[in-house]
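*Asks:* Structure below; questions to follow.
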Amino acid sequence: DDEAARRAIDDERLRVGRLSLRERLVALAESGDDAVSLQMSDGSIVAVRPRAFGSDWLSAELVAESGRVRVCIVPTAGIASLVLTEAQLLASLRESTGNRPGDLSGRLGLAFALRDLGRRRAQCEFVVTTGTIVGTIDRVARDHVDVAVHERGVARRSRDVVAYRIIPLDDLRLVILAGD
């Protein structure tokens, strides 16, 4: 009947109106193995295959034109838009199994992911609004990260550190694991 159809349309509008960017990215990740194009807030476009999600970040495989795959962390605040096909757009609207209440990953913030990289002493490329910084995380505070800057491919040793940078988390666009 018409009333039931209108109610179903209204219910769907309400559901879509409550969707977050994170939920749409999770739905995309669950829908298949296609790369998703992200336009970053600096205007660059990166292709990624999302793999894991935190409250305000995602871990993904960064798909380079060379075919080389590297692991990266993308703060959702650094995403300006998703560049999708029609099929991806529709997939992003589907209800996802990864957005259940009580899901621990949905409460883990960007600082959590960065602290893990710091504990592992992983060399990273930090893409910020002004360029790229290569180094190792020394510590992660509430709203910033301390990075020991050194040459790519060189282990973090005091003698090889050329500078220290304190990077506000709000300025991070992409963190690429350099060792991958």
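The values are calculated or read from the model by the stated rules, or taken from the named source; none is laboratory data. This one's a predicted model, so the numbers in the text were calculated from it and none came from an experiment. Quick reminder, even Gly has a Cβ in these numbers, built from the backbone with ideal geometry, and neighbours come from all protein chains shown. Please note that ligands, DNA and RNA were not included when accessible areas were found on the heavy atoms of the full protein model with its side chains. Shrake-Rupley method; radii C 1.70, N 1.55, O 1.52, S 1.80 Å.
*Asks:* If I fit a long axis through the Cα atoms of helix 110-119 and take the longest principal axis of the Cα atoms of the chain, what angle between them do I get, 0 to 90°, rounded to 10?
*Replies:* Result, in degrees: 40.
*Asks:* Compute the Kirkwood hydrodynamic radius of segment 1-81, taking the inverse of the mean of 1/r over all pairs of distinct Cα atoms, and give it in Å to one decimal.
*Replies:* 14.3
*Asks:* Within the chain, which is the longest segment containing none of the trypsin sites (Lys or Arg not before Pro) that sit in a DSSP loop and have at most 15 other Cβ atoms within 10 Å?
*Replies:* Result for the longest clean stretch: 19-67.
*Asks:* As I understand it, the value is the acute angle between the Cα axis of helix 2-17 and the longest principal axis of the Cα atoms of the chain; what does it come to in degrees, rounded to 10?
*Replies:* Between helix and principal axis, roughly 10 degrees.
*Asks:* Relative to the present Cα-Cα distance, how much length would full extension add between Arg7 and Thr85 at 0.36 nm per residue of separation?
*Replies:* 25.2 nm
*Asks:* For the chain, state the semi-axes of the equivalent ellipsoid (square roots of 5 times the eigenvalues of the alpha-carbon gyration tensor), sorted largest first and rounded to whole angstrom.
*Replies:* Sorted largest first and rounded, they come to 36, 17, 13 Å.
*Asks:* What's the carbon and sulfur percent of the chain's accessible surface, probe 1.4 angstrom, rounded to a whole number?
*Replies:* 50
*Asks:* Taking only protein heavy atoms and a 1.4 Å probe, what accessible area per residue, in Å², does the chain have with all protein chains in place?
*Replies:* Computed with neighbouring chains in place, this is 56 Å² per residue.
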